[in-house]
Amino acid sequence: MDTKNLWQQATITYSADSNFDKIKKGHGLFILNDMVRYHMCDLPKKEILDKSKFSAKLAGLPRFTTGKQLVEIGHMLNATAWIIPRARSNYLPLQHAYFYFPSADDAEAALSNDNLTIDNKHVTWTKSNAKLCAICSSPHHKASACPRKRKTPDNRSVQKLYQRFQPAQFSNYKAPTKPLKGAVNPNVTFAHVTGSSSNAKSPSEHQKNGQKNTQNRPPQTANTLETNDGYRQQAGSWSDDIPDTLNDRLFDQTIVPTPQMYMANGTMKGGSMHDNNQDDFKEFVRQQFLALNDNLSYLVKSLDFTVQRVAAIEQSMNIKVVTPFEAESINLKKDDAESMTCDEIEPSIDTSSSIIVQQRKTINGLKSVNQMHQNRLKSFTLTVNTLVKSCAAFQSILVQNNMLPKDLANNMFPLGDAFDSDVDQYLKDLPQF
């Protein structure tokens, strides 16, 4: 049993003395209420595809229609087989069926039938590649314009009511979530974000630590607090107030000049790290940003040139590429009907039609033609050598019977096969594709 997309394919083995005459004449059979199609394993691919050459789609079926309910229609229209596809989301039968016919005339006759009803519901014949509404399988409109489409109300209070009470046409309805504004996580504290990687704690750990007994903590003065990193800081100071012992751990004084003369008294006495009048630190940061900007500009130019170069190669070599962004855009633009019946587009690189592949085919074709010419030349060599031997024998008879002077006789030598051998060896030495 093999699974291919939404379909399963089974291979059945029979005994050697089985009679396949009746099986070879058929195209489909019923398993419970659904029809499945079959073919012989040794059937050529072209004949397998010919079984689907003439087809039509019957749209607008009543919900939960089975293949057995279409037997009368299938026999009336001389159809060889018919199948009802299933939905991707819940695997329920869709409201359309594919019918397959032995000839184009039978398919056209089905398409011209406009007066067909099933359970008092009018159904419509369309071409097998026609797009249908994913909700009601109608060929006359898309799913976005279907009158049966459930429309979400704009009023958020009504959305919540629909979600709570699940009225008609809104079963399993969930109101759209309100997008969060900003990037604030209420479970993450400032100490957790600014803490070092070795000392940082998760919010749950902070909550657990808050529930522990505090009897073993060292005594704290009224004007100082102990931080989570083990450093002592003045109470009531701002979050950007850096303790004296923290400076060596965060900054490398040999690379980043960080004046501390204005932080000696802390922010409680009017000090601030922003009161620095020295411009060394600002100049250092400015130079770093300039260098970063130059590096990014160089990378952008290099990447842009690389993209242009790859695009030029793809175009010149006829390589078809679907990027992840293009695949996502195509899939988003599909309507509901297409998403139900068509596979999603995947990022791919198709080289089947590239110039290199075509050139390889041409080279292989030329090699085959050259090989045929070489074989013909070999046969010519054998024929010529046979004629040479015959002429030499005839000339010898003429000389023996004094019908040809001996001094007028020519020396006849057969053709050698050295040239043919050299050509064969040269062909073998050519690169193989």
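Any read-out appearing in this document is the output of simple, stated calculations on the displayed coordinates, not a laboratory observation. Predicted, not measured: the structure shown is a model, and the values here were computed from it. Quick reminder, even Gly has a Cβ in these numbers, built from the backbone with ideal geometry, and neighbours come from all protein chains shown.
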Note to self: Please compute the contact order of segment 355-429 in relative form: average sequence separation of alpha-carbon pairs under 8 Å and at least six residues apart, divided by the residue count, as a percent.
What the structure shows: 31
Next item on the list: Normalise the Debye intensity by I(0) for segment 357-433, one equal point scatterer per Cα, no solvent, then take log10 at q = 0.11, 0.19, 0.24 Å⁻¹ and round to two decimals.
Entry: -0.49, -0.84, -1.06
Check: Going highest first, how would you order 290-298, 349-357 by mean Cβ packing within 10 Å?
Finding: 349-357, 290-298
Next item on the list: Please report how far the C-alpha centroid of segment 383-433 lies from that of segment 11-38, rounded to the nearest whole angstrom.
Entry: 64
Next item on the list: Using the Karplus curve 6.51 cos²θ - 1.76 cosθ + 1.60 with θ = phi - 60°, work out ³J(HN,Hα) for each residue of segment 286-299 in order, rounded to whole Hz, and write x for Gly and Pro.
Entry: 4, 5, 5, 5, 5, 5, 5, 5, 5, 5, 5, 4, 5, 5
Checklist line | Filter on Lys121/Lys142; Lys4/Lys53; Lys22/Lys45; Lys121/Lys149; Lys68/Lys333 - keep pairs with C-alpha separation over 29 Å | finding: Lys68/Lys333
Item checked: Fraction of alpha-carbon pairs over 19 Å apart in segment 1-143 - percent -> 55
Item checked: Förster-model FRET efficiency, 56 Å R0, Val388 and Phe325, C-beta, rounded to 0.05 -> 0.20
Check: How big is the Rg/Rh ratio for segment 128-168, C-alpha atoms only, Rh by Kirkwood, two decimals?
Finding: 1.18
Check: Ranked highest first by average number of other Cβ atoms within 10 Å, how do 315-322, 423-430 line up?
Finding: 315-322, 423-430
Next item on the list: Take the Cα radius of gyration of segment 284-350 and divide it by 2.2 N^0.38 Å, with N its residue count; two decimals is plenty.
Entry: 1.75
Next item on the list: Pull up all non-local amide H partners of Ala81: gap of 5 or more, or a different chain, and H-to-H distance under 5 Å with H placed in the peptide plane.
Entry: Tyr100
Margin query: Can you order the peptides 18-26, 91-99 by their average number of other Cβ atoms within 10 Å per residue, highest first?
Written below: 91-99, 18-26
Note to self: Modelling each spin label as a point 7 Å along the Cα-to-Cβ direction, I'd like the Ala175/Leu299 distance in nm, to one decimal.
What the structure shows: 4.4
Next item on the list: With θ set to phi - 60°, apply the Karplus curve 6.51 cos²θ - 1.76 cosθ + 1.60 along segment 356-364 and write out the HN-Hα couplings as whole Hz, x wherever there is a Gly or Pro.
Entry: 4, 5, 5, 5, 4, 4, 5, 4, 5
Check: Under a 5 Å amide H to amide H cut-off, with H placed in plane at 1.01 Å, what residues pair with His96 once short-range neighbours are removed?
Finding: Leu61
Item checked: Per-residue Cβ neighbour rank within 10 angstrom, fewest leading, Asp2, Asp34, Asp42 -> Asp42, Asp2, Asp34
Check: Once phi is turned into ³J(HN,Hα) by the Karplus curve 6.51 cos²θ - 1.76 cosθ + 1.60 with θ = phi - 60°, what whole-Hz value does each residue of segment 377-390 show in order, with x for glycine and proline?
Finding: 4, 4, 5, 5, 4, 5, 5, 5, 5, 5, 5, 4, 4, 5
